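The values are calculated or read from the model by the stated rules, or taken from the named source; none is laboratory data. Source: prediction; values computed, not measured. As a convention, Cβ positions derive from the backbone with ideal geometry for all residues, glycine included, and neighbour counts pool all protein chains shown.
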Amino acid sequence: MKAVTLVLLPGMDGSGKLFAPFVRALPDHIKPLVVSYPADLALDYAGHLEYVMAALPLDGPFLLLGESFSGPLAMMTAAQNPAGLRAIILCATFATWPLTLPASVARLLVSLGIFRLKSTPLIQRLLLGKNASAELRELFFAALDNVRPEVLAARARAVTTVNCSRELSRCPAPILALVAERDRIVSPGCVEHIRRIRPDTTFVRIDSPHLILQCATQEAVRVITAFLETV
């Protein structure tokens, strides 16, 4: 099969370090390109989009995968119809505010400094589930270790006001959405919102907590590889 680049946009940590198990499992014809966001700059979605656009390959076809926080960035990028884009993969993500908790309450928690508790066991349990491997736990803490709390707070504030419904509707490429069956971050309503806007999306549910690519790596690779064959 002809080689294709898979551009990977990370979750809220922004480092891309958590992609390591997934990258190792990819077949040879899928070439990963991991995008990282600044760990010391408090940016909104528009600011992050500049880094994504600058990282896109210019010399061949590519898939664009947005994980969690970066799902809206994948939609924003796709709406600009960049040359070479062949498909979008939305991984445990959303087009609008994803939690059942009201966004106003979330903004209050952010203002009170919740992200100074960024590496607590509770946050780890929410994202990784209770059966995460030692390697994944180590990667999780390493990914968050160098990110300033104010940077995480800025990303969280961006999520509370994001609405990429229009960008999603304008996406010119096929869309695959990976849905975590045990997701405690992204509400089921987010999946239905995407379905309403883009009923042509291919939805695949995977038995995993929020971090699908890390907790159900082999299944995710199998689904993405099969999807690639269709596009």
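Answer yes or no as to whether Val223 is within 19 Å of Pro32 (Cα to Cα), among the hydrophobic types (A, V, I, L, M, F, W, C) and in contact with a strand residue (DSSP E or B) (Cβ under 6 Å, 6 or more places away or on another chain).
Against the criterion (within 19 Å of Pro32 (Cα to Cα), among the hydrophobic types (A, V, I, L, M, F, W, C) and in contact with a strand residue (DSSP E or B) (Cβ under 6 Å, 6 or more places away or on another chain)), Val223 qualifies.
Looking at the range 190-223, which of its residues are in contact (Cβ under 8 Å) with a residue 40 or more places away in the chain and touching a Leu at 6+ places or on another chain (Cβ under 7 Å)?
Ile194, Ile197, Pro209, His210, Leu211, Ile212, Gln214, Cys215, Ala220, Val221, Val223
For the range 19-47, how many residues meet the condition of being surrounded by 14 or more Cβ atoms within 10 Å (Cβ to Cβ), free of Cβ contacts under 8 Å to residues at least 40 places away in the same chain and of a type outside the set (Ser, Thr, Tyr)?
Qualifying residue count for the region: 7.
Could you identify the single residue in Gly84, Gly16 that is surrounded by 20 or more Cβ atoms within 10 Å (Cβ to Cβ) and among the small types (Gly, Ala, Ser)?
Details: Gly84 fails: surrounded by 20 or more Cβ atoms within 10 Å (Cβ to Cβ).
Checking each option against the conditions leaves just Gly16.
I want to confirm something. Restricting to the range 58-73 and keeping residues that are in contact with a helix residue (DSSP H, G or I) (Cβ under 8 Å, 6 or more places away or on another chain) and aliphatic (A, V, I, L, M), which single residue is farthest from Ala3 (Cα to Cα)?
Out of the qualifying residues, it is Leu73.
With Leu168, Leu152 as the choices, which residue is modelled with pLDDT under 95, under 17 Å from the mean Cα position of the chain (by Cα) and closer than 26 Å to Ser104 by Cβ?
Sole residue among the options that is modelled with pLDDT under 95, under 17 Å from the mean Cα position of the chain (by Cα) and closer than 26 Å to Ser104 by Cβ: Leu152.
Kindly indicate whether any position in the range 135-144 is at pLDDT below 90, outside any loop (DSSP other than H, G, I, E, B) and out of contact with any helix residue (DSSP H, G or I) (no Cβ under 9 Å at 6 or more places or on another chain).
The answer is yes, given that some residue of the range 135-144 is at pLDDT below 90, outside any loop (DSSP other than H, G, I, E, B) and out of contact with any helix residue (DSSP H, G or I) (no Cβ under 9 Å at 6 or more places or on another chain).
Quick check on this structure: which one of Gly84, Gly71, Gly11, Gly66 is on the phi > 0 side of the Ramachandran plot and in contact (Cβ under 8 Å) with a residue 24 or more places away in the chain?
Gly84
Each row is one residue, and each column tells you yes or no for (1) at pLDDT 65 or above; (2) crowded, with 17+ Cβ neighbours inside 10 Å; (3) of a type in the set (Ser, Thr, Tyr); (4) within 25 Å of Arg137 (Cβ to Cβ).
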{"residue": "Ser68", "(1), (2), (3), (4)": "yes, yes, yes, yes"}
{"residue": "Leu73", "(1), (2), (3), (4)": "yes, yes, no, no"}
{"residue": "Gln80", "(1), (2), (3), (4)": "yes, no, no, no"}
{"residue": "Cys91", "(1), (2), (3), (4)": "yes, yes, no, yes"}
{"residue": "Ile123", "(1), (2), (3), (4)": "no, no, no, yes"}
